[in-house]
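A.B. asks: After the structure tokens below, expect a handful of questions from me.
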């Protein structure tokens with residue numbers, strides 16, 4: 001998969017590079033950052049993005065401005081923020097996740113958008129527009145791999161629960177793939193649907209008696225409530241596996257997925273091109289090239305689990 005950037009002809013005049021136009025207007029070129037969850041949960045990724053911009057000559061507050069907004073995992077917030085960025089006339093938008101990115105796309109067909117951490121940029125309809133490019137995490141495609149790793153870590157695994165944000169099509173597809181993979185391994189699997197943060201605590205009631213482990217789909221709702229989910233999972237004595245390595249730092253057991261810091265660094269390269277005048281449509285959408293296996297030994301000890309040496313040897317990061 002590959003793709004996109006920016007304004008070509010508008011009112012009959014050739015569009016200038018964003019940086020040049022912003023300087024003509026007496027302001028810094030401005031990036032609107034549409035965060036899918038909250039500032040603390042995304043701080044490491046933002047730091048990677050800002051650092052890469054700095055390396056390319058874009059220094060926040062001096063040569064580029066960034067307006068940060070946080071969607072807190074709520075669709076209505078994504079729409080509000082996207083509309084605000086249009087009113088502010090930002091020069092480009094960085095969005096996280098499929099829902100936030102779609103909200104940005106619906107709000108504008110002219111402002112360049114770089115959609116990060118989306119699972120299916122083409123299938124979701126994101127890159128059908130010339131003002132959108134992005135970086136995929138292809139998380140559903142790695143669902144079966146995560147299940148294999150979880151089974152290796154939990155040899156007695158027989159029944160798997162899937163915490164499923166059911167309003168998210170990507171999460172629904174991921175759950176379907178997990179259930180198919182579980183069937184081939186002779187495991188029972190069932191979904192626990194949630195729609196909001198208020199559904200999380202009730203979802204764990206009685207779960208310990210029904211499941212041996214918990215598969216948690218990657219989603220802004222999950223990201224915004226990761227500490228609560230990990231506390232509940234440990235309390236229910238349930239090993240967890242995630243798609244995002246950062247979730248494990250918050251107390252999860254295992255994670256296998258794309259390196260989000262690397263994705264955000266790469267987003268810095270995209271914006272460097274866009275701010276210098278490249279159209280989003282001329283920047284190919286990219287898939288991740290680096291996937292990390294992260295293991296939390298502290299959580300394993302609390303749960304009374306011992307990882308096989310072969311699994312520990314393959315880990316990219318071990319938290320002790």
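Rule-based calculations on the coordinates, nothing more; no lab input. What you are looking at is a predicted structure, and each value in this text was computed from that prediction instead of being measured. Quick reminder, even Gly has a Cβ in these numbers, built from the backbone with ideal geometry, and neighbours come from all protein chains shown.
A.B. asks: Using square roots of five times the C-alpha gyration tensor eigenvalues, list the equivalent-ellipsoid semi-axes of segment 175-320 in whole Å, biggest first.
C.D. replies: With the √(5λ) rule applied to segment 175-320, the semi-axes are 32, 19, 16 Å.
A.B. asks: Still on this structure, please answer the following. Can I get the semi-axes of segment 96-198's equivalent ellipsoid? Compute them from the C-alpha gyration tensor as square roots of 5 times the eigenvalues, in angstrom, largest first.
C.D. replies: For segment 96-198, the ellipsoid semi-axes come out as 32, 14, 10 Å.
A.B. asks: Given the options 64, 170, 201, state which has the largest fluctuation in a GNM of the chain using a 10 Å cut-off (strictly under) for Cα springs.
C.D. replies: Checking each option, the largest mean-square fluctuation is seen for 201.
A.B. asks: What is the log10 of I(q)/I(0) for the chain, computed with the Debye formula using one identical point scatterer on each Cα and no solvent, at q = 0.07, 0.11, 0.12, 0.14 Å⁻¹?
C.D. replies: Cα-only, vacuum Debye calculation for the chain: -0.29, -0.67, -0.78, -1.01.
A.B. asks: If you don't mind, there's one more thing I want to ask. Can you tell me the relative contact order of segment 187-304? Whole percent, Cα pairs under 8 Å, sequence separation 6 or more.
C.D. replies: Answer for segment 187-304 is 23 percent.
A.B. asks: Using label points projected 7 Å from each Cα along Cα→Cβ, tell me how many nm separate residue 180 and residue 167, to one decimal.
C.D. replies: Each label point lies 7 Å from its Cα, and together they span 2.7 nm.
A.B. asks: List the pair-distance distribution P(r) of segment 210-295, using every Cα-Cα distance, as the percent of pairs falling in each 5 Å bin from 0 up to the bin containing the longest distance, rounded to whole percents.
C.D. replies: Binned Cα distances yield the sequence 3, 14, 20, 18, 13, 10, 9, 6, 4, 2, 1, 0.
A.B. asks: Applying 1/(1 + (r/R0)^6) with R0 = 25 Å to the Cβ-Cβ distance of residue 205 and residue 75, what FRET efficiency is obtained, to the nearest 0.05?
C.D. replies: Rounded to the nearest 0.05, the efficiency is 0.45.
A.B. asks: Going by alpha carbons, how many degrees (0 to 90, nearest 10) lie between the helix axis of 39-55 and the longest principal axis of the chain?
C.D. replies: Its long axis makes an angle of about 50 degrees.
A.B. asks: With springs only between Cα atoms under 10 Å, which of 243, 101, 109 fluctuates most in a Gaussian network model of the chain?
C.D. replies: Checking each option, the largest mean-square fluctuation is seen for 109.
A.B. asks: Moving on. Roughly speaking, what is the centre-to-centre gap between segment 237-261 and segment 32-83 when only Cα atoms are used, to the nearest Å?
C.D. replies: Each part reduced to its Cα centre gives a spacing of 22 Å.
A.B. asks: Would you please give the FRET efficiency between residue 39 and residue 159, computed as 1/(1 + (r/R0)^6) with r the Cβ-Cβ distance and R0 = 41 Å, to the nearest 0.05? Working shown, then result.
C.D. replies: On the way: r = 37 Å, r/R0 = 0.90.
Efficiency, from the Cβ-Cβ distance: 0.65.
A.B. asks: Using a 10 angstrom cutoff on alpha carbons, build the Gaussian network for the chain and name the most mobile of 152, 99, 246.
C.D. replies: Residue with maximal mean-square fluctuation among 152, 99, 246: 152.
A.B. asks: Return the FRET efficiency for the residue pair residue 305, residue 87: r is the Cβ-Cβ distance, R0 is 45 Å, and the value is rounded to the nearest 0.05.
C.D. replies: Working from the Cβ atoms, E equals 0.30.
A.B. asks: Is segment 181-224 rounded, prolate or oblate when judged by the Cα gyration tensor, a ≥ b ≥ c being the square roots of its eigenvalues, rounded requiring a/c under 1.5 and prolate requiring a/b larger than b/c? Present the calculation step by step, with values, prior to reporting the outcome.
C.D. replies: Details: a/c = 2.86, a/b = 1.52, b/c = 1.88.
Oblate, because a/c is 1.5 or more while a/b does not exceed b/c.
A.B. asks: What angle, in degrees between 0 and 90 and rounded to the nearest 10, separates the Cα long axis of helix 75-88 from the longest principal axis of the Cα atoms of the chain?
C.D. replies: Once rounded, one gets 20 degrees.
A.B. asks: Measure nothing but the geometry: give the 0 to 90° angle between the long axis through the Cα atoms of 169-184 and the longest principal axis through the Cα atoms of the chain, rounded to 10°.
C.D. replies: On a 0 to 90 degree scale, this one is about 30.
A.B. asks: Which whole-number percent is the relative contact order of the chain (Cα, under 8 Å, 6+ apart)?
C.D. replies: Averaging sequence separation for qualifying contacts and normalising by length gives 23 percent for the chain.
A.B. asks: For segment 286-320 and segment 138-197, what is the separation of their C-alpha centers, rounded to whole Å?
C.D. replies: 18
A.B. asks: Please give, to one decimal in nm, the separation of the simple spin-label points placed at residue 313 and residue 51, each 7 Å out from Cα toward the Cβ.
C.D. replies: Here the answer is 3.1 nm between the modelled labels.
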